[in-house]
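The structure appears right after this line, and notes come after that.
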Amino acid sequence: MAWTFGLVVAVWFNTMKTWIYIAIPFTSWFVAGVLKFLINCLRERRLAIDLIGYGGMPSNHSAIVASISCLIGLREGFDSAVFGVSLTFVFIVTMDANSLRMAIGRHAAAINKLADGELNLRERMGHSKIEIVAGLLTGCSVAFLMNSLSI
């Protein structure tokens, strides 16, 4: 009986080492989303439910990828190959948020003008550099804090 309890504890402890790789990006997404909602409410001076979506401060996408990359650096080492891969992923996502999605927003604005009210595409799609940096800081902060509190 004692050996089964020991086995259960060993399996649980081993699982606790890996759950953080799922929990931290999810928590970063949640924290960035709540911050974005609060910032929008303060900026608009109302309950800004209609502004939930793409764009805004901080960038959720940047927070998510930064959190997992920081966690990998903290756990596996900042000189590890997997950290290099994750950092490349961070660059791709942040560049997409700043350039490609901003261009999509500009195209949506032009199409809305051409459609003359018949079509209403969402124009706020991408992120400014400050919104991306805020997302990166949010993600790294969540990763550092949760990693410090974990086993």
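The values are calculated or read from the model by the stated rules, or taken from the named source; none is laboratory data. Predicted, not measured: the structure shown is a model, and the values here were computed from it. Quick reminder, even Gly has a Cβ in these numbers, built from the backbone with ideal geometry, and neighbours come from all protein chains shown.
Structural remarks
- With respect to (1) in contact with a helix residue (DSSP H, G or I) (Cβ under 9 Å, 6 or more places away or on another chain); (2) modelled with pLDDT of 85 or more, the lone exception for residue 124 is condition (2).
- Which listed residue, of 141, 86, is assigned to a helix (DSSP H, G or I), modelled with pLDDT of 90 or more, of a type in the set (S, T, N, Q) and closer than 16 Å to residue 26 by Cβ: 141
- Every condition in (1) closer than 19 Å to residue 140 by Cβ; (2) at pLDDT below 95; (3) in contact with a Leu (Cβ under 9 Å, 6 or more places away or on another chain) holds for residue 40 except the one numbered (1).
Residues checked against (1) among the polar types (S, T, N, Q); (2) touching an Asp or Glu at 6+ places or on another chain (Cβ under 8 Å):
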| site | (1), (2) |
| --- | --- |
| 51 | no, yes |
| 55 | no, yes |
| 60 | yes, no |
| 114 | no, no |
| 134 | no, no |
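- Filtered residues of segment 73-86 (kept if without any contact (Cβ under 8 Å) to a residue 40 or more places away in the chain and either crowded, with 17+ Cβ neighbours inside 10 Å or not aliphatic (A, V, I, L, M) (or both)): 73, 76, 77, 78, 79, 80, 83, 84, 86
- Residue match in segment 25-33 (condition: loosely packed, with under 12 Cβ neighbours inside 10 Å and modelled with pLDDT of 85 or more): no
- Every test in (1) closer than 22 Å to residue 24 by Cα; (2) part of a loop (DSSP other than H, G, I, E, B); (3) modelled with pLDDT under 95 is passed by residue 78 save one, and that test is (3).
- Selection count, segment 45-74, where residues are modelled with pLDDT under 85 and either assigned to a helix (DSSP H, G or I) or on the phi > 0 side of the Ramachandran plot (or both): 6
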